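The values are calculated or read from the model by the stated rules, or taken from the named source; none is laboratory data. As the structure is a computational prediction, the values presented were derived from the model and not from experiment. Reconstructed Cβ throughout: ideal geometry from the backbone, glycine too, with neighbour counts over all protein chains shown.
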Amino acid sequence: MKRISQRNDFIRWTILAAACLTFFGAVPARGDEWRQFRGPGGQATSDERGLPVRWSSRENIVWRTELPGPGTSSPVTVGKRIFLTCYTGYALDATEPGDMKNLKRHLVCVDRGTGQIVWHKQFDPKLPEHNYAGEGTYHGYSSSTPTSDGERLYIFFGKSGVFCFDLDGTQIWHTSVGEGTHGWGSGTSPVLYKNLLIVNASVESGSMVALDKTSGKEVWQAGGISASWNTPVIVNVPNGQPELVVSVHDRLIGLNPDTGEQLWNCEGVHRYVCPSVVSNNGVVFAIGGGHTSLAVRAGGRGEVTQSHGIWRESHGSNVSSPIYHDGHLYWASDSGGVVTCQDAATGRTVYQKRLEPGSGLIYASPILADGRLYYVSQRKGTYVIAAKPEFELLAHNVIEGDDSRTNASPVVSNGQLLLRTDRFLYCIGKP
């Protein structure tokens, strides 16, 4: 184990001292809104209470809505509406994917209270896309979660471009951030910062791109974003300016979100990276590749592995992103169904437990709410774990009659959960 120990006492204090962070530059959201991938600030945590612990097809299902097609993007909520994306026409069956010429993408608006579809947009993609074969079948063609500033909705469809709509479905602008493709597809989600919409276009152009959110015009572009399938995160730096942090092949990178200038970089995950980072009080935590987890203090300049690195350990997750909570990191391995808790100050493993009954693959990132962690497996339901450094399985929930795949992270909304599978969108909790 590689450890940088000179600053341990200081780092331990700074990590444990702060219980929350303020997301600088975002349009304020109501407490019951979840407007981007992994919710406010991309941290996957909510302060809502009263969320369900147990559910099934006969218990705690408020409504369910059949969707036009599958997708791995998460829903987002704005006021009384829910927005999510789907695809149809191609890649509905891995053994017989069909003709790519029939591929369509969809944007769906759902009434939050009733689950009724309010409006539905259909898109003709720019072809060819990646083939739905082999590893290309992992997630499909609607993997990017929308984001909203409360007035407009922003959608990323890979090489087909970035779209802006008003909340009634009227298109305002459309622009390209590159036309590259990859056998694993495109999967990052856009984030908002001040007047900018920032997109990790690693697959499409090997770059991070910032667009004016009003016009769609490019404001800056930063290269060197390689083998990166994760959504960037705005990190608050104590006594400093916010930084945009993304995990790429070999490196963790901090950018100036106003200009795209690279501020710092450090040793990262030595392969492609899917999990997004999380942060607390200026400390960034990254995992990846099934064999790496690390902590680095933001705010440095240049190569900062030695000067700002805190710890590095030899285990991590290949797909699912972590959660920071009360001095600990929590995450799930994509295969094998092992969940891990780490001490955030030292990287020490507090527990590693295999979910029972077996979970199979977990690609969805967990969320934290009401003192509980929600881990969603592809085909074996949702596991509810107590958010504490002692493993306690509170419930294992399976919705009978829906055997479709689930890769999307759940969403917290008004004391309920929104969970999408390849077939349905569910509202789970008390009416």
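Among the numbered conditions (1) over 30 Å from ASP124 (Cβ atoms); (2) in contact with a His (Cβ under 7 Å, 6 or more places away or on another chain), the only one that GLY69 does not meet is (1). Applying the criterion of being out of contact with any strand residue (DSSP E or B) (no Cβ under 7 Å at 6 or more places or on another chain) and surrounded by fewer than 18 Cβ atoms within 10 Å (Cβ to Cβ) to the residues of the range 183-223, the residue that is nearest to LYS121 (Cα to Cα) is THR214. Checked against the criterion of being in contact with a Leu (Cβ under 8 Å, 6 or more places away or on another chain), without any contact (Cβ under 8 Å) to a residue 24 or more places away in the chain, surrounded by fewer than 21 Cβ atoms within 10 Å (Cβ to Cβ) and part of a strand (DSSP E or B), the range 261-273 has no qualifying residue. Within the range 88-141, if we keep just the residues that are closer than 21 Å to SER160 by Cα and among the hydroxyl-bearing types (Ser, Thr, Tyr), the residue that is surrounded by the fewest Cβ atoms within 10 Å (Cβ to Cβ) turns out to be THR137. Within the range 369-379, being farther than 14 Å from GLN352 by Cβ and in contact (Cβ under 8 Å) with a residue 24 or more places away in the chain holds for ALA369, ASP370, ARG372, LEU373, TYR374, VAL376, SER377, GLN378, ARG379. Among the residues of the range 84-112, those identified as of a type in the set (Ser, Thr, Tyr) and in contact with a Gly (Cβ under 8 Å, 6 or more places away or on another chain) are THR85, TYR87, THR88, TYR90. Which residue, of SER160, SER148, is touching a residue at least 60 places away in the same chain (Cβ under 8 Å) and surrounded by 20 or more Cβ atoms within 10 Å (Cβ to Cβ)? Every option except SER148 fails the conditions. Considering VAL118, VAL219, VAL191, the condition of being within 22 Å of the chain's Cα centre (by Cα) and modelled with pLDDT of 95 or more is satisfied by VAL191 alone. For VAL235, the criteria (1) closer than 22 Å to CYS86 by Cα; (2) in contact with a Ser or Thr (Cβ under 6 Å, 6 or more places away or on another chain) hold in every case but one, which is (1). Taken together, the residues in the range 46-83 that are in contact with a strand residue (DSSP E or B) (Cβ under 7 Å, 6 or more places away or on another chain) and acidic (Asp, Glu) amount to 2. Among the listed residues SER335, SER365, identify the single one that is at pLDDT below 95 and either assigned to a loop (DSSP other than H, G, I, E, B) or closer than 23 Å to TRP55 by Cα (or both). The unique qualifying residue is SER335.
Counting only strands (runs of 3 or more DSSP E) that sit completely within the range 117-205, those holding 1 or more residues that are among the hydrophobic types (A, V, I, L, M, F, W, C) and under 15 Å from SER228 (Cβ atoms) correspond to 152-156, 191-193, 196-201.
Scanning the range 106-116 for residues that are assigned to a loop (DSSP other than H, G, I, E, B) and either acidic (Asp, Glu) or touching a residue at least 40 places away in the same chain (Cβ under 8 Å) (or both) gives ARG112, THR114, GLY115, GLN116. Has the range 342-353 got any residue that is more than 23 Å from VAL284 (Cα to Cα) and free of Cβ contacts under 8 Å to residues at least 24 places away in the same chain? Scanning the range 342-353 turns up no residue that is more than 23 Å from VAL284 (Cα to Cα) and free of Cβ contacts under 8 Å to residues at least 24 places away in the same chain.
Annotation note: of VAL237, VAL273, VAL277, the sole residue that is of a type in the set (A, V, I, L, M) and either modelled with pLDDT under 95 or more than 28 Å from SER359 (Cα to Cα) (or both) is VAL237. For the range 363-407, the set of residues classified as out of contact with any His (no Cβ under 9 Å at 6 or more places or on another chain), of a type in the set (Gly, Ala, Ser) and crowded, with 18+ Cβ neighbours inside 10 Å consists of ALA364, SER365, ALA369, SER377, listed by residue number. Count of the range 70-87 residues, restricted to those that are closer than 16 Å to GLY113 by Cα, buried (at least 22 other Cβ atoms within 10 Å of the Cβ) and of a type outside the set (Ser, Thr, Tyr), is 6.
Inside the range 206-220, residues that are hydroxyl-bearing (Ser, Thr, Tyr) and in a loop (DSSP other than H, G, I, E, B) make up a count of 2.
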